[in-house]
Amino acid sequence: MGAEVAPDHGHVAVVGGGICGLATAHRLVRAGARVTLLEGSDQLGGLGTFFPWRDRWVERFYHCVMPTDDHLLGLLDELGLRDSITWRRTRMGMVVDGRDFPFNTALDLLRFTPLGVVDRLRFGAVSVLLRRLGRGKDLDGTRTEDWLRGLYGDRVWELLLAPLFGAKFGARFGDVPALYLWQRLGREGAVAVRGYPDGGYRTVIDALRASIEAGGGEVRLDAPVRRIGVGDGVRLELPGGEVVSADRAVSTLPLPQLRQLADDDLAARLPDVRLPYQGVVNALFFLRRPLSGHYWTPVVRSGTDFDGLIQMTPLAGVEPYYGRHLVYAMRYTDRESALFQEDDTAIAARWTAQLLTLHPALDAADVEEVRVFKAPFVEPVYPLGYLARRPPVVVAGTPLLLATTAHVYPDVTSWNSSVGLAQRVVATLEGAPQPVPG
């Protein structure tokens, strides 16, 4: 348990009930602070929210636990949930030009005919050495395209890697710092074992809420903050003229949202970091028959709007879904894009047709149900040299701290990095003196 919060910290408000906000409130309450958590929607969890399906709950967006997720596993220990994680060995596939290939072993790579023999051998050798090849280099100042094209060659970059990074980061994919990829390899690497909590991620969210409330904290849903101002403390305006005043506050809102809510004084003090953000469109398919059995399958040049498939059966089995096979199809896209703005019903119909074309062993009767969900702020698109531009967690001269995806870099945006950021913010809150507004 962390050190006792100094008395002059008083009342701390946490804005946002995603995993970072929940972990922050949980740790503050454990340290003795008086905490109010404000969530604008009717659910906690952020990207970990869920929807009712039959008599159960299903995540709107896919998640898994990696064995290297030390921050998250430590939090689950505190909640008594670490032993609830079921670990399974999973496999990866790759769909290229409509053909589904396994992509796990050296033999799979040798049989991966979209690449020539020389490129296959080069791909395998470089992939094994990639983490070592990045050590000691200024990857934060190196474009991903320049680094990977130089290592793998033009053919591998153009056929495989450019579509994969384009799927994640949009038109700016080549300019993302290579450090992001290097850190992702550190989290995932060649690890094929992944975990999933019994009862789904709602069990984690419910346990965090119970911990906060058991420690005297208040958790409020349907409490969107309309305006944030700073002075001797933090003033949070809610609908209906309600005001919540706190000595300090932690905002987990994406920076573009926070700027819209900040009063003039706070807006002038916020860090001048204006990152583009990628959103995501997710379609969930409840199927009567399985697909390939691969947990993760990028989809490249195959005539689909979605560019990746996550099959939950290899990770969670079929029991949570009454014998159905749950498949997530996703496309990362800007929140202003035509796809993001499109009607969910139209997306469901078109993506169903594309999935059936991609997997001709399925027919329409195998698709029992389709749900579409969208999230506007999933991950920032980081510019070169972002380490030096990453904003501090304390807004200078104010009692406001920030805990956003803009702060987790170079770590990969995940529940694990969000929990780690929460720990860093709470440590700052415990140790820093009360700022004097200037």
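Which condition breaks for Gly46 when tested against (1) of a type in the set (Gly, Ala, Ser); (2) at pLDDT 95 or above; (3) within 30 Å of Val281 (Cβ to Cβ)?
In the conditions (1) of a type in the set (Gly, Ala, Ser); (2) at pLDDT 95 or above; (3) within 30 Å of Val281 (Cβ to Cβ), Gly46 misses (2) alone.
Take Pro376 and decide whether it is touching a strand residue (DSSP E or B) at 6+ places or on another chain (Cβ under 9 Å), part of a loop (DSSP other than H, G, I, E, B) and under 19 Å from Thr252 (Cα atoms).
No, not satisfied.
When the residues of the stretch 44-59 are narrowed to those that are assigned to a loop (DSSP other than H, G, I, E, B) and crowded, with 18+ Cβ neighbours inside 10 Å, which ends up farthest from the chain's Cα centre (by Cα)?
Leu44
Across the stretch 349-361, which residue is nearest to Thr252 (Cα to Cα) among those that are in contact with a strand residue (DSSP E or B) (Cβ under 9 Å, 6 or more places away or on another chain), hydrophobic (A, V, I, L, M, F, W, C) and surrounded by fewer than 19 Cβ atoms within 10 Å (Cβ to Cβ)?
Here the residue is Ala349.
In the stretch 133-158, what residues are more than 26 Å from the chain's Cα centre (by Cα), surrounded by 16 or more Cβ atoms within 10 Å (Cβ to Cβ) and farther than 14 Å from Arg120 by Cα?
Scanning the stretch 133-158 gives a single hit, Arg149.
Could we say that Thr405 is within 21 Å of Ala178 (Cα to Cα), polar (S, T, N, Q) and in contact with a helix residue (DSSP H, G or I) (Cβ under 7 Å, 6 or more places away or on another chain) here?
Considered against the rule, which asks whether it is within 21 Å of Ala178 (Cα to Cα), polar (S, T, N, Q) and in contact with a helix residue (DSSP H, G or I) (Cβ under 7 Å, 6 or more places away or on another chain), Thr405 comes out as no.
Return the pair list, or none, for Cβ contacts closer than 6 Å from residues in the stretch 358-371 that are in a loop (DSSP other than H, G, I, E, B) to residues that are surrounded by 13 or more Cβ atoms within 10 Å (Cβ to Cβ), at least 6 apart or on different chains.
His359/Leu291; Leu362/Leu356
Taking the criterion of being charged (D, E, K, R) and outside any helix (DSSP H, G or I), would at least one residue in the stretch 395-411 satisfy it?
In the first step, residues of the stretch 395-411 are kept if they are charged (D, E, K, R); the result is 411.
Next, only the ones that are outside any helix (DSSP H, G or I) stay: 411.
Within the stretch 395-411, one or more residues are charged (D, E, K, R) and outside any helix (DSSP H, G or I).
Checking Asp232 against (1) modelled with pLDDT of 85 or more; (2) not assigned by TED's automatic domain parsing to the domain that holds Arg248, which test does it fail?
Going through (1) modelled with pLDDT of 85 or more; (2) not assigned by TED's automatic domain parsing to the domain that holds Arg248 one by one, Asp232 breaks only (2).
Can you pull out every residue in the stretch 86-106 that is aliphatic (A, V, I, L, M) and either part of a helix (DSSP H, G or I) or crowded, with 18+ Cβ neighbours inside 10 Å (or both)?
Met94, Val95, Val96, Ala106
Can you tell me which residue is nearest to the chain's Cα centre (by Cα) among those in the stretch 1-32 that are small (Gly, Ala, Ser) and modelled with pLDDT of 95 or more?
Gly18
With the requirement that a residue be hydroxyl-bearing (Ser, Thr, Tyr) and without any contact (Cβ under 8 Å) to a residue 24 or more places away in the chain, what does the stretch 270-310 give you?
None; the set is empty.
Among the listed residues Ala388, Ala364, identify the single one that is exposed (fewer than 15 other Cβ atoms within 10 Å of the Cβ) and out of contact with any Ser or Thr (no Cβ under 9 Å at 6 or more places or on another chain). So that I can check it myself, show each step before the final result.
Numbers: Ala364 fails: out of contact with any Ser or Thr (no Cβ under 9 Å at 6 or more places or on another chain).
Of Ala388, Ala364, the one residue that is exposed (fewer than 15 other Cβ atoms within 10 Å of the Cβ) and out of contact with any Ser or Thr (no Cβ under 9 Å at 6 or more places or on another chain) is Ala388.
Out of all the residues in the stretch 277-314, which are farther than 23 Å from His63 by Cα and not basic (Lys, Arg)?
Residues satisfying the conditions are Ser302, Gly303.
Would you confirm whether or not the stretch 243-258 contains a residue that is under 22 Å from Glu218 (Cα atoms), in the same structural domain as Tyr386 (by TED's automatic domain parsing), among the charged types (D, E, K, R) and not in a helix (DSSP H, G or I)?
There is at least one residue in the stretch 243-258 that is under 22 Å from Glu218 (Cα atoms), in the same structural domain as Tyr386 (by TED's automatic domain parsing), among the charged types (D, E, K, R) and not in a helix (DSSP H, G or I).
The values are calculated or read from the model by the stated rules, or taken from the named source; none is laboratory data. These figures come from a predicted structure and were not determined experimentally. All Cβ positions, glycine included, derive from the backbone under ideal geometry; neighbour counts span all protein chains shown.
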